[in-house]
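Here is the structure we will look at.
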Amino acid sequence: MFPLLVTDHWYDLRDLANLYRVILEGLDHILPTGLVYVITALLGFIAFFVIFVLPSQLYVGVYGERRLIGRMQARQGPNRVGPLGLLQPIADALKLLQKEALTPRSADRTIMWIAPILFVAPAILIFAVIPFGPRMVFADIPVSLMYFLAISSLPVIASFMAGWSSNNKYSLFGAMRIVAMSISYEVPLVLGLLSVAVLSGTMSLQGMVIWQQDIPTWMILIQPIAFAVYFIGVSAELNRTPADIAEAESEIVAGYLTEYSGMRWGLFYGMDIAYALGASAFAATVFFGGWSLFGLEQWIPPWLIFILKTYLFYFLFIWTRATLPRLRIDQLMSFSWKFLLPVALFNLLIVAVERLIWTSNDLPDAIVWAFGGVNIILMVGIVFVWSKVFKYDPKNRPTKPRLVNESGGYRPVDLGEGGSAS
Amino acid sequence: MTGFGVSVAFWVLSVLTLASAGGVMASRNLIHAVLFLIVVFLGVSGFFVLLSADFLAMAQVIIYVGAISVLILFAIVLTPRAERDNSETVMVLPAIFLGISLMAIMLFVLYDANWSVTATEPSLSAAVLGSSLLSVWVLPFELASVLLTAALVGSIMLVRSPSDEEGDLA
């Protein structure tokens, strides 16, 4: 690790941890013992959520996404409220706050009321382990990779609660779809991240950034398969558009959100963006080198580099959302189990062998670049072989669910003699 | 970990876990029972954090909350009339008897165990756990994976339709 030029003065904006420390030390003198822990948690919440996530949600998530998708689809996007439509997200939020939140009479009121709250909490917890700078990480636990996976499995439960408690056919369809999809895509996602952990030899996010800074490289160049698997898996888990079958409005109204209105719906909508931001921040940390930028982090504030990388990854989300059509549920399921899972397993095997070669022969760090080249060639090879030689091809998948096949397939309505349905 | 905050966290987690465990037993609606069960799992993972076993806590959340309870939810939703028909049966008496016996055995084990206290703090990091799983405890570890594979193959065999099996013989 390079020696940091960053000083310990509180006005050194390259490391906001200084300011944080000074505030906490000052408060510790004034306040009674123990209260400073509460202040720490509050300051962490303000720093991560109020200062970073909420404005990003409104301006990158809602406004930027709508404008960019508008540009990509050759239309204007929101441009009426304020200059360039910049006040549009605030107007939307105010409108949502005023709307009535309806609850159907036959719904399970308690669970329907709890579900949005349970959906919000993990979105804030996710940012606790993301390193924004060399010392700017709220909870630097040694298993932060697993912490991320554990926290990101919680919103699925909240979505299921939302869909089930609404007591509506389409809500339940959406809930079942999101549960099935999150189970299917969690497996390749974990395998992809496991190969990253195997190569870097650490499960701490800060450790991964320092590993990438030391080589120096970016993990996306070394392990393109892991990145592709992560990107596809996470966009399915987050219900982003190429895979948003859980709220596919052309099939099942709005999925698990059908019965939600007003700010309760707004919480789900806003927190979806917060989860996408969390996943982008995680990808920026693990695959794009986090706050490091090949030595430039000595002069540019590391947190600024990190936030820009997060937005760069979020742009990928917007891009896929604007260009790709929605997939069917059977296509998504078979893609996960028959394509992503074997590819991720192969990748894990390759990476484990490489790690063994690297550590047992005491090779220099530059060998990682050679691994990267080999991996890129192998990625093309594996994807080509799996799709062409083993004939994994979506056209060969059954287009009808099995139950339909067993009942004799679709039958046209008997039109009778006169040609009209009787 | 010791200190005032840890004691408070312990009692809060205990109350939460035990109350939700009571909720699992008391609720008639199976979905509510599973949701209570999820809270129990989260409480147990909180205990692991208090014991400085970070890895185990995270594994508990990923496996129990993220996978197992979701599978239980699946099973309940796919079972016809699972929400209704949960009336009283005569099996309630043996169940209570069995539960009390199990609790007695566990309390006896707790009472009888020789709780030795060491001065050195044991290392529970993921690296130590991984290397001991693949060196000292490699046989149970492999046996568990064989068991899981057998369960996987068995479940695939169970859901195969007769037409699939005709295709096998050909």
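Key figures
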item: Relative contact order (percent, whole number), the stretch B:1-87, Cα cutoff 8 Å, 6+ residue spacing; result: 29 percent
item: Span-like helix ranges in chain A, DSSP H, alpha carbon extent 15 angstrom or more, Kyte mean at least 1.0; result: A:35-45, A:109-125, A:154-165, A:169-200, A:224-237, A:302-323, A:341-360, A:367-384
item: D (Stokes-Einstein, µm²/s), Kirkwood Cα radius, the protein assembly as shown, 0.692 mPa s at 37 °C; result: 121 µm²/s
item: Spin-label zone in the stretch A:158-177 - amide nitrogen under 15 Å from a point set 7 Å from the Cα of A:Trp337 along the C-beta vector; result: A:177
item: Residues B:Ser101 and A:Leu356, FRET efficiency given R0 of 51 Å [Cβ-Cβ distance, rounded to 0.05]; result: 0.55
item: Per DSSP, loop chymotrypsin sites (Phe, Trp or Tyr not before Pro) in the stretch A:295-377 with at most 16 further Cβ within 10 Å; result: A:Trp299
item: Helix runs (DSSP H) in chain B reaching 27 Å along axis by Cα, Kyte-Doolittle at least 0.0; result: B:4-26, B:30-50, B:92-112, B:138-159
item: Chain B, relative contact order in percent, only Cα pairs under 8 angstrom and at least six apart counted; result: 17 percent
item: Relative contact order [Cα under 8 Å, 6+ residues apart], chain A, whole percent; result: 19 percent
item: Cα lying deepest toward the dipole's positive end in the protein assembly as shown, options A:Pro134, B:Phe10, B:Phe74, charges on Cβ; result: B:Phe74
item: Helix-only mean residue ellipticity at 222 nm for chain B, each DSSP H run of n ≥ 4 adding -39500 (n - 2.57), per residue, nearest 500; result: -23000 deg cm²/dmol
item: Label point distance in nm, A:Asn167-B:Ser14, each placed 7 Å from Cα along Cα→Cβ; result: 3.9 nm
item: Cut-off 20 Å, label 7 Å out along Cα→Cβ of B:Val6, residues of the stretch A:114-143 by amide N; result: A:139-143
item: Taking A:Lys388, A:Lys338, A:Lys309 and counting other C-beta atoms within 10 Å, the order from fewest to most; result: A:Lys388, A:Lys338, A:Lys309
item: Length added when fully stretched, A:Asp140-A:Asp330, from 0.36 nm per residue minus Cα-Cα; result: 64.4 nm
item: Given chain A, longest segment not containing exposed loop GluC sites (Glu not before Pro) (DSSP; at most 15 other Cβ within 10 Å); result: A:252-416
item: For the stretch A:346-386 versus the stretch A:135-204, the gap between their alpha-carbon centres in whole angstrom; result: 27 Å
item: Estimated distance in nm for a label pair at A:Val81 and B:Ile68, the labels positioned 7 Å out from Cα along Cα-to-Cβ; result: 4.6 nm
item: Extension gain (nm, one decimal) between A:Ala366 and A:Ile114, 0.36 nm per residue minus Cα-Cα; result: 85.6 nm
item: Sites A:Met72 and A:Leu312, calculated FRET efficiency, Cβ-Cβ separation with R0 22 Å, nearest 0.05; result: 0.85
item: Residues A:Ser334, B:Ser131 arranged by fewest to most Cβ contacts within 10 Å; result: B:Ser131, A:Ser334
item: Amide H contacts under 5 Å for A:Asn167, placed H, 5+ residues apart; result: A:Asp108
item: Residue order, fewest to most surrounding Cβ atoms within 10 angstrom, among A:His29, B:His32; result: A:His29, B:His32
item: Distance between modelled label sites at B:Ser27 and A:Ala121, nm, 7 Å Cα→Cβ extension; result: 1.4 nm
item: Förster-model FRET efficiency, 45 Å R0, B:Thr149 and A:Tyr59, C-beta, rounded to 0.05; result: 0.35
item: Amide N of the stretch A:215-254 lying under 15 Å from the label point, which is placed 7 angstrom from the Cα of A:Trp386 along Cα→Cβ; result: A:223-234
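All of the numbers you see were taken from the coordinates with simple rules; none came from a lab. Model, not experiment: these values are computed from the prediction. For neighbour counting, all protein chains shown are included, and Cβ atoms are generated from backbone atoms with ideal geometry for every residue, glycine included.
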